[in-house]
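Participant: I'd like to ask you about the structure that follows.
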Amino acid sequence: MTDLDPFETKILRELQRDANQTTAEIAERVGLSVSPCWRRIDRLEREGFIRKRVAIIDRRKVGLNAHVFAQVKLNAHGRANLDEFSAAIRGFPEVLDAYVLMGTTDFMLRIVAKDIDAYERFFFDQLSKLPGIQEINSTVALSEIKATTELPLGRD
């Protein structure tokens, strides 16, 4: 980890665990007084270690019951337009994560939808109509074993 002292690592672990904590609560948990803790948090935000603070919503509680992973392979012409394909994917709110891969497929997408019928509509009406696609392999997740946004930062 670049330019992080042990207190800053602890602060990041605390914020990953619960970003709703006050500076005073974080300071107490990491062994600092409030002012130095606040200064460290401010630096971590300014320098981009903390990109943003968000609420993590349970997708099922808001009616997004289908969780699908799609592997996308582009044809040779499609690979020439990776930026165009990437921009299109960024515009789909159903796509939560998109990764460029090395290997037999070009992209891995993590997609949510109301149900399998909604995913099918998204697949046929939007995703499969993007130019340059050779193949899409969709895998439906049956259950979630582990899901976290916490990075494995160094332990004490």
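The values are calculated or read from the model by the stated rules, or taken from the named source; none is laboratory data. Predicted model, so just to flag it, every value in this text is computed and none were measured. Virtual Cβ from ideal backbone geometry, glycine too; neighbours counted across all protein chains shown. For the accessible areas, the whole protein counts, side chains as well, though only heavy atoms, and no ligand, DNA or RNA atoms are used. Shrake-Rupley method; radii C 1.70, N 1.55, O 1.52, S 1.80 Å.
Participant: So in segment 114-150, with the set limited to residues that are touching a residue at least 24 places away in the same chain (Cβ under 8 Å) and acidic (Asp, Glu), which one is least open to solvent (accessible area, probe 1.4 Å)?
Facilitator: ASP115
Participant: Since GLU84 meets every condition but one in (1) closer than 18 Å to ALA147 by Cα; (2) open to solvent by 100 Å² or more (accessible area, probe 1.4 Å); (3) in contact (Cβ under 8 Å) with a residue 24 or more places away in the chain, which condition does it not meet?
Facilitator: Single failed check for GLU84: (1).
Residues are listed down the side, and each one gets a yes or a no for (1) open to solvent by 70 Å² or more (accessible area, probe 1.4 Å); (2) farther than 18 Å from ALA55 by Cβ; (3) touching a Ser or Thr at 6+ places or on another chain (Cβ under 7 Å):
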site	(1), (2), (3)
THR2	yes, yes, no
GLU25	yes, no, no
GLU28	yes, yes, no
LEU32	no, yes, no
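Participant: In the list LYS10, LYS61, LYS52, which residue meets the criterion of being part of a helix (DSSP H, G or I) and exposed (fewer than 12 other Cβ atoms within 10 Å of the Cβ)?
Facilitator: LYS61
Participant: Considering only residues of segment 103-156 that are assigned to a loop (DSSP other than H, G, I, E, B) and in contact with a Gly (Cβ under 9 Å, 6 or more places away or on another chain), which is nearest to PRO6 (Cα to Cα)? Show your work before the answer.
Facilitator: Within segment 103-156, the subset assigned to a loop (DSSP other than H, G, I, E, B) is 103-106, 114-115, 126, 130-132, 141-156.
Those still in the list that are in contact with a Gly (Cβ under 9 Å, 6 or more places away or on another chain) too: 106, 114-115, 130-132.
Numbers: ASP106: 38, LYS114: 43, ASP115: 44, LEU130: 47, PRO131: 48, GLY132: 48 Å.
The residue in question is ASP106.
Participant: Can you tell me which of (1) of a type outside the set (Phe, Trp, Tyr); (2) open to solvent by 90 Å² or more (accessible area, probe 1.4 Å); (3) at pLDDT 95 or above; (4) more than 29 Å from ASP18 (Cβ to Cβ) is the one VAL72 doesn't meet?
Facilitator: (2)
Participant: Out of curiosity, is ARG29 outside any helix (DSSP H, G or I), in contact (Cβ under 8 Å) with a residue 12 or more places away in the chain and among the basic types (Lys, Arg)?
Facilitator: Details: outside any helix (DSSP H, G or I): no; in contact (Cβ under 8 Å) with a residue 12 or more places away in the chain: yes; among the basic types (Lys, Arg): yes.
So ARG29 fails the test.
Yes/no matrix, rows are residues, columns are (1) under 19 Å from the mean Cα position of the chain (by Cα); (2) over 26 Å from ALA141 (Cβ atoms):
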residue: ASP42; (1), (2): no, yes
residue: GLU45; (1), (2): yes, yes
residue: VAL54; (1), (2): yes, no
residue: HIS67; (1), (2): yes, no
residue: ARG79; (1), (2): no, yes
residue: ARG90; (1), (2): yes, no
residue: GLU94; (1), (2): yes, no
